1. Are any residues in the range 245-274 in contact (Cβ under 8 Å) with a residue 40 or more places away in the chain and loosely packed, with under 13 Cβ neighbours inside 10 Å, and if so, which ones?
2. Have a look at GLU98, GLU84 and point out the one that is buried (at least 17 other Cβ atoms within 10 Å of the Cβ), among the acidic types (Asp, Glu) and farther than 26 Å from ASP274 by Cα.
3. Out of curiosity, is ILE107 under 25 Å from SER32 (Cβ atoms), assigned to a helix (DSSP H, G or I), modelled with pLDDT of 95 or more and β-branched (Val, Ile, Thr)?
4. When the residues of the range 123-158 are narrowed to those that are hydroxyl-bearing (Ser, Thr, Tyr) and touching a residue at least 12 places away in the same chain (Cβ under 8 Å), which ends up farthest from TYR65 (Cα to Cα)?
5. So in the range 42-59, with the set limited to residues that are among the β-branched types (Val, Ile, Thr) and surrounded by 23 or more Cβ atoms within 10 Å (Cβ to Cβ), which one is nearest to THR146 (Cα to Cα)?
6. Name the pairs: first residue in the range 32-52 and over 14 Å from LEU252 (Cα atoms) and basic (Lys, Arg), second residue modelled with pLDDT under 95 and not in a loop (DSSP other than H, G, I, E, B), Cβ to Cβ under 9 Å, at least 6 apart or on different chains?
7. Between a first residue in the range 160-185 that is buried (at least 23 other Cβ atoms within 10 Å of the Cβ) and a second residue that is among the basic types (Lys, Arg) and not in a helix (DSSP H, G or I), which pairs have beta carbons less than 7 Å apart while being 6 or more apart in sequence or on different chains?
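The values are calculated or read from the model by the stated rules, or taken from the named source; none is laboratory data. Since we're looking at a predicted model, the values are computed, not measured. Every residue, glycine as well, gets a Cβ built from its backbone with ideal geometry; the counts of neighbours run over all protein chains shown.
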Amino acid sequence: MSNIWEQFKSIFGGLSNGPSNPVLNPRKFRMSRPVPMGRHWMNNDPVATAFFNSLSISFPHAEVYMIDSLKPWREHVSEAMREEINAFIQQELNHSREHIAFNRGMIEAGYEFKSVEKDILNLVKELNMRSDLDRLQMTMCMEHLTAVISSELLSDENHLAGAETELNQMWLWHATEEIEHKAVAYNVWLEATKDWSSLRRWVSRSVFFTVITYRFFSNRLRAQIYLLQQDGYSKRAAFFAMMRYGLKKGGLLRKLARPWAAFYKVNFHPWSVDDRHLIAAGDSQFIMGGSVEEIFDKFIETDKTSDKKDNIAA
């Protein structure tokens, strides 16, 4: 029995902090205002459009939540890690800005999603009642989900084939930066739990990841069904349409299964899969330049002059 226990402990003793992050580069990217968007901008396909639209509805609030979850840890980490947190925050602010604009475009295209937004706000309120460490762990799990989706979007051009050009570029830009900063929250969590045993770390992140996965996909599926009902689908028809879209051969969700499950490996680290080549591939799809401060200042100024009715945060 003692030999079995020693072997079990040795499995978890092999964990490491993993490779260092690439240098984070908050990029200049801004869509036209107002965002030009056809109702079914994704290859004239209402089902594929609903998938991406439902993600965009969730992003602004989710990104603010993730920013807030990392802020308390800036004073407890090294200077290098603090700089990574700051760059992470800059990137997520830019993502939130563009998805707010994208969501306004959805409204102009005829979609309504106030009830979906209300559900997201209630969930964020619930998560914000947890401890700083719990919130960090939830962000770490969310970042894995967004990173594997981003990696798949950049790896297989078929997922965005037929999308309107500017919207295609926005999703590729967002995906590029999600890969680039995919390990920031995880590395901060490793630092925050440095006194934990490897077994305790594995159990904790596995439990949190299971809960976050369920909440993320169930909520996004409900949002997709709600959007498709506005295109004339019944709930039943919308559900099966989304299942076919995600789980067919080559479907996005089907291809995400293996990279998603990698989080449960005892020696997991976000950079265990080194997909840095996709960062360069994503960068080639859009023009960069300028400072993030200039971009954010313009966003704040624009937001101040916007009509209240257009101040949508989803």
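1. GLY250, TYR264, ASP274, listed by residue number.
2. It is GLU98.
3. yes
4. Residue satisfying both the conditions and the ranking: SER155.
5. Taking the candidates together, the pick is ILE57.
6. These pairs meet every condition: ARG33/THR302.
7. Matching pairs, first to second residue: TRP173/ARG27; GLU177/ARG27.
Here's the yes/no breakdown for (1) at pLDDT 95 or above; (2) of a type in the set (D, E, K, R); (3) in contact with a Ser or Thr (Cβ under 6 Å, 6 or more places away or on another chain):
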site	(1), (2), (3)
GLN7	no, no, no
SER10	no, no, no
ARG30	no, yes, no
PRO46	yes, no, no
PHE52	yes, no, no
SER69	yes, no, yes
ILE85	yes, no, no
